[in-house]
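Report on one structure; see the data block that follows.
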Amino acid sequence: MWKHCLGVCVVIMACGCGRAPAIEAPSARTNQSVDAVGREQPGEKPQKADSSREATTTLASVPTRLLSDKELAEGWLQLFDGHTLFGWTANSDAEWKVKDGVILVESGTPGQLMTNVPFSDFEFFCEFRLSKGGNSGVFLRSAVKPTDPGRDCYELNICDSHPAFPTGSLVARKKGPGGITVEGEWHAFRVTMSGTRITVVLDGRRVIDLDDKTKHALTSGRIGFQMNEGRAEFRNVRLRPVGTSDLFDGRSLDGWRVVPMGKSRFSVVDGTIHVEDGAGFLETKSTWGDFLLQAQARTNGKELNSGIFFRTERGTAEQPSNGYEVQIHNGTTAGNRLKPSNAGTGAIFRRNTARFVAAQDHQWAYLSVAAVGARFCVWVNGLQVTDWVDTREENSNPRKGRRLKAGHISLQGHDPTTDLDFRSIRILPLP
């Protein structure tokens with residue numbers, strides 16, 4: 001948190017001049033792109049992998065899924081995989097590390113460890129532990145490098161000794177109840193942010209209930225942890241988007257259109273969108289730019305191939321789905337889930353490879369996709385498998401370059417073996 005000089009209202013920034021947030025480049029690829037059913041076509045330059053970043057996010061084993069099926073159905077995501085800092089970037093040279101399933105920091109320039117994508121409305125949960133005399137905080141809807149807690153972030157303070165905004169306060173915005181001591185033991189925050197309404201629960205006790213009607217109210221931003229003084233630890237970090245809208249009501253295909261001349265058959269069966277045969281596409285009539293999309297998909301056969309496309313151009317018989325593709329394919333190499341055989345479920349197909357295969361055939365896979373500018377993050381069964389940035393030149397066709405403007409979302413029937421179901425498709429626009 002920020003320290004305040006006694007008797008004055010000057011705010012001093014608690015994060016130093018660190019490196020700019022890193023951008024993860026995709027794995028190197030051949031000089032090819034693909035058409036709607038996966039056939040290669042020439043014309044795209046490969047992008048080089050960021051080997052230094054990959055070295056800090058390499059996994060020795062597949063992370064443990066901490067979320068139940070019920071929690072996954074509710075939309076919960078694990079923001080921390082328990083092994084690496086994949087999906088996070090520090091804004092100073094503080095020495096953030098992972099040990100025994102815990103994010104910890106105890107030295108380096110004060111600053112924050114931030115998620116690589118922003119979130120808008122959500123429920124957030126984490127457990128934390130602070131050393132005696134320490135000073136830390138949880139940052140919500142924050143700028144990448146916040147400088148004023150009353151303007152560019154909500155800082156949920158963790159500092160028992162702070163004279164103005166002790167533990168459980170929103171610094172420079174609302175003081176907590178006071179008298180709270182957390183040093184030396186594990187505790188838990190649960191935060192709900194919905195529009196201008198913010199509630200904070202500490203160990204089951206509500207400590208903040210704020211409806212921020214000020215001109216500095218924030219609608220979206222990063223989630224972050226702070227290094228200021230002493231040792232701070234965080235674990236069991238999870239988030240659930242709230243306020244999503246259904247793209248499929250479980251009864252009809254209203255709001256969708258079948259792209260002409262495809263071979264796939266799309267129908268509503270037992271509350272799902274069922275697709276057989278292919279190739280073919282079913283796309284939304286509406287378009288979306290920056291968003292968080294959640295959906296469930298089930299492959300009813302071994303290593304079937306499909307995808308969810310986004311920011312697509314309107315599909316035609318000649319160009320059925322020119323968009324970014326979230327791959328659906330649960331195959332592995334020699335049974336090793338750390339080695340997807342066909343990019344892996346959750347990859348941005350032909351752009352990167354999923355870190356591991358988190359889903360299984362014949363079972364529902366819970367997919368979450370955050371598209372923010374040129375950055376795309378994907379979670380499968382609550383675990384993040386992709387964090388990729390499109391560094392190509394801009395192009396209205398994502399097969400040929402970076403597309404930032406809104407586009408359709410479409411479901412793919414890949415080939416004659418296609419037999420898949422989709423359900424619980426919902427979306428939350430990101431400001």
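Bear in mind these aren't lab numbers, they're just calculated from the coordinates by the rules spelled out. Computed from a predicted structure; not experimentally measured. FYI the Cβ positions are ideal-geometry reconstructions off the backbone, even for glycines, and counts take in every protein chain you see.
Side notes on the structure shown:
- Residue-wise HN-Hα couplings along the stretch 390-400, as the Karplus relation 6.51 cos²θ - 1.76 cosθ + 1.60 with θ = phi - 60° gives them from phi, are 7, 9, 6, 5, 5, 7, 5, 9, x, 5, 10 Hz; Gly and Pro carry x.
- Model label zone, THR219; criterion: amide N under 19 Å from point 7 Å along Cα-to-beta-carbon; scope the stretch 270-295: 287-293
- Order by protection proxy (mean Cβ within 10 Å, highest first), peptides 315-325, 346-356: 346-356, 315-325
- For a modelled paramagnetic label at ARG231, 7 Å from Cα along Cα-to-Cβ, the residues of the stretch 106-125 in reach, with backbone nitrogen under 16 Å, are 106-108.
- Gyration tensor analysis over the Cα atoms of the stretch 323-377 returns equivalent ellipsoid semi-axes of 20, 13, 9 Å (largest first, whole Å).
- Modelled label reach - ARG314, point 7 Å along Cα→Cβ, the stretch 354-398 residues with backbone N closer than 15 Å: none
- Residue-normalised convex hull volume from the C-alpha trace of the stretch 279-360: 113 Å³ per residue.
- Percent of alpha-carbon pairs separated by more than 17 Å within the stretch 264-316: 46
- Trypsin sites (Lys or Arg not before Pro) within the stretch 271-324: DSSP coil, no more than 11 neighbouring Cβ in 10 Å: LYS285, LYS302
- Summarising the amide proton neighbourhood of PHE248: residues at separation of 5 or more, or on other chains, whose placed amide H is nearer than 5 Å comprise ILE425.
- Two-site label geometry, ALA188 and THR391: point separation in nm, points 7 Å out along Cα→Cβ: 4.1
- Our Cα-only numbers for the chain put the radius of gyration and Dmax at 22.3, 74 Å.
- In sequence order, calculated HN-Hα J values of the stretch 299-305 (Karplus, 6.51, -1.76, 1.60; Hz; x Gly/Pro): 8, 9, x, 7, 6, 6, 10
- Backbone geometry of the stretch 77-90 corresponds, through the Karplus equation with coefficients 6.51, -1.76 and 1.60 at θ = phi - 60°, to 3J(HN,Hα) couplings of 10, 8, 7, 10, 7, x, 10, 9, 9, 4, x, 10, 9, 7 Hz, x marking Gly and Pro.
- For the stretch 166-242 versus the stretch 364-401, the inter-centroid distance based on Cα atoms is 29 Å.
- Equivalent ellipsoid dimensions for the stretch 87-241 as semi-axes, Å, which come from the Cα gyration tensor, largest first: 21, 18, 15
- Estimated FRET transfer efficiency (ASP246, SER107; beta-carbon r; R0 41 Å; 0.05): 0.30
- The slack between ARG402 and LEU85, meaning 0.36 nm per residue of separation minus the straight C-alpha distance, is 111.5 nm.
- Over the stretch 245-429: Kirkwood hydrodynamic radius from C-alpha pairwise inverse distances, Å: 16.1
- Packing-based ranking, highest mean first, of 249-257, 133-141 given that Cβ atoms within 10 Å are counted: 133-141, 249-257
- Helix-only mean residue ellipticity at 222 nm for the chain, each DSSP H run of n ≥ 4 adding -39500 (n - 2.57), per residue, nearest 500: -500 deg cm²/dmol
- Computed from the Cβ-Cβ distance with R0 of 45 Å, the FRET efficiency linking LEU253 to THR181 stands at 0.20.
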